[in-house]
Structure formats: structure tokens, C-alpha cells
1. State the Cα centre-to-centre distance between the stretch 205-244 and the stretch 50-99 in whole Å.
2. With every atom except the alpha carbons ignored, what do you get for Rg and Dmax of the chain, in angstroms?
3. Contour minus end-to-end for Arg82 and Val132, with contour as 0.36 nm per residue of separation and end-to-end as the Cα-Cα distance?
4. Note down the accessible area of Lys18, probe 1.4 Å, to the nearest 10 Å².
5. How much accessible surface area, in Å² rounded to 10, belongs to the heavy atoms of Glu205 with a 1.4 Å probe?
6. Rounded to whole Hz and in sequence order, give me ³J(HN,Hα) for the stretch 187-195 from the Karplus expression 6.51 cos²θ - 1.76 cosθ + 1.60, θ = phi - 60°, writing x for Gly and Pro.
7. Would you mind telling me the antiparallel percentage of the DSSP bridges in the chain, rounded to 5?
8. How many lysine pairs does the chain hold where the Cα atoms are under 24 Å apart and the two sit 8 or more places apart or on different chains?
Amino acid sequence: MRVVDAEQIVKTYRVADKAPGLGGTMRHLFRRKHRDVEAVRGVSLVIEPGEVVGFLGSNGAGKTTMLKMLAGLMQPTAGRVRVLGHDPFRREAEFLRRIALVMGNKQQLIWDLPPAETFRINAAVYGIPDDVARERIDRLAKLLELEEELHRPVRKLSLGQRMKSELIAALLHEPTVLFLDEPTLGLDVNAQAAVRSFLRTYNAERGAAILLTSHYMADITALCDRVVLIDKGSILHDGPLSTLVDRFAPLREVALELTEPVAPERLAAFGEVESCDGLSVKLLVARQGLAEALPRLLAELPVADLTVHDPPVEEVVGRVFAEASRDTQQDDGDLAGAAAAVEAGASL
């Protein structure tokens, strides 16, 4: 059974459209105007058991809205969605026992109580026997290096410790599907690494499917083989991270350390010269021609050291969104031009 099977999901919000200023406020008071905003536009998504999928997009792209629909907190305006064979919005007990939603900017812990007390409440809600709950709490706390903090009030914990506690609370019932919205938000480097390691272990041991949103590309590269890019409510890319890099980063950087200077004209025969500073040279070489260029470089140039780099993933993802934005602006311009032409024809 597919873990997530969403087909042509649409979510539209009806929002008030008020003009600024006192006049706009008075008009809005007596004659309200509204407009529809599409947060998600015809998104189709399939996730298989055990997959870890990165869900990327800029602020307002529709990521959190999509997660909330998959978790059953919102109902789609149109389309069909099934998670573990259930309609999420019906919020059936069997469905809720098998999923978890963790949001980095929300918390379920009780502020003035230790995390251990929240865990006991969650265990009771899910009907987990006391001895089983204790064993799971101890195991998860050990994995997250949180044993000593379980009995301190939540308000006295650091942000990283609170986030780790949130994960324990969400995973106490051992869900098979995890929806994680910015789980490392605001954490320091060490805490981020601990959370990533924990999620990797949980996925390997339990075979849980994970849909992860994050603005930290290190989360995506460390955990996800597959990425889904969403922009303005529509999917731009769905596939392996390596395919994304191949598609939107056709060049690779070749850094050379030479034993003697070489004229830039000679270097240009191997690729675009990005920089040439004495004996340090950086070339941009087409990915498909790299296998042929490297032996020639070593044979024809006085090379002391050579390294090949892929562009940073952040740069690749930024390029995808920039390209999508240009296409949208071009489409808007074409529509405006067509409308102007129709209007001009009508006037004639």
C-alpha cells in the first residue's frame, strides 16, 4: 500500500480584500470584498513505504498547507488524498495511531511540566501500557542524548532540548508516517546533527516514511534521496536529488594547483576559466564532457593537485526557483500582450 497517494490536490482560501486607509476600512465594514488565493494548485504526490522525501519551497509556497492536508488538519478544496488508505480529514483513530506531525514552530509540550509528564499523557491517549511506554521513552531519550533533561520543566530547557522532546512525544506511539515541518528550526549545528542522526536511525529501524520540509539544505542532503520542489502551490521537480543537480547545474568546477603558471588562453581549451590566481586555477567544465577533459588536463598541464566540485545544493535550488519565476513573468507578459492585441483589434 502506498503511504501517501495524493492526486490533483487544490487548496483555496477565501480572504478579505480591503483597501488601505480609513476609507478602505469604512468601505470594507459595509461592503466586504473577497478574493480567492490558491495555496496549492493541482499537486499530485506519491510516497512509498520507507521513503524519506524532502519537500522544498520558499516561504508561502504551499509546503505547510500540504502537510496539514496530509495530516488531516485541513480539507482539500478539490482533488483526492489518501494516507495509509485513509481519508485524512476523517481523522479516524486507526489513521491517527499511525502518523505523527511535528512542526518546528509549534509545541505540544506543557510549558511548566517536565517532558516526562507530557510523555505519560501521550502514552495514556494512545493506550500504551506503562512498561512499554517507559521502555520507548528510555530508548528514544538515549538516541537523542536527552536522559538528564526529561525531568526538568520545559521552560528551563534549551530550544534544542525542547525540539528533541517534541520528537519523543510525537514518536512515542511508533508511527509509520512522519510529517516533519522544519524540525531543526533554530537549532545549533550540534543539535541539528543529532536530530538528523536520530531520524536516519528511526527510518532504518522502523521503515517509517518521512516527508520533511526544511530551509536547511544540510537536512535534505543528509536524509533525502528524493526531493519535491514546490513553488506558488505547484510542483516544479519530483525526483532524485542527483537528477536535480544534473538538470540545473550542467557545469562542474575543476580546481587545479599547478607547478608552474599557464597562460589563460591555454587553459580555455579545457573549459571556462572561472579564476586564475598564479598557480591556483578554477575551471568550469560541462558535466557531460568531464570524463574526457580530466585525462587531457593531467596529460597536457603541469598539475600538482586536482579536485572536482558540484555546485552547492542551495545554489541549484535557487536556480530552479529563479527559472520558474522568469517563466511565470514571461507567461504573464504574453497574456498581457495577447489581451492588449485583442483589445486593439476590438477597437478597430
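The values are calculated or read from the model by the stated rules, or taken from the named source; none is laboratory data. Given the structure is predicted, the values throughout are model-derived calculations rather than measurements. Cβ: placed from backbone, ideal geometry, glycine included. Neighbour counts: every protein chain shown. Keep in mind that these areas ignore ligands, DNA and RNA; they rest on the heavy atoms of the full protein, side chains included. Shrake-Rupley method; radii C 1.70, N 1.55, O 1.52, S 1.80 Å.
1. 15 Å
2. Computed over the Cα atoms of the chain, radius of gyration and Dmax are 26.0, 84 Å.
3. On the way: separation 50, 0.36 × 50 = 18.00 nm, distance 3.01 nm.
Full extension from Arg82 to Val132 adds 15.0 nm.
4. Roughly 100 Å² of Lys18 is accessible to a 1.4 Å probe.
5. That residue has around 110 Å² of solvent-accessible surface.
6. 7, 6, 4, 5, 5, 4, 4, 5, 5
7. On the way: 40 of 58 bridges.
About 70 percent, rounded to the nearest 5.
8. 21
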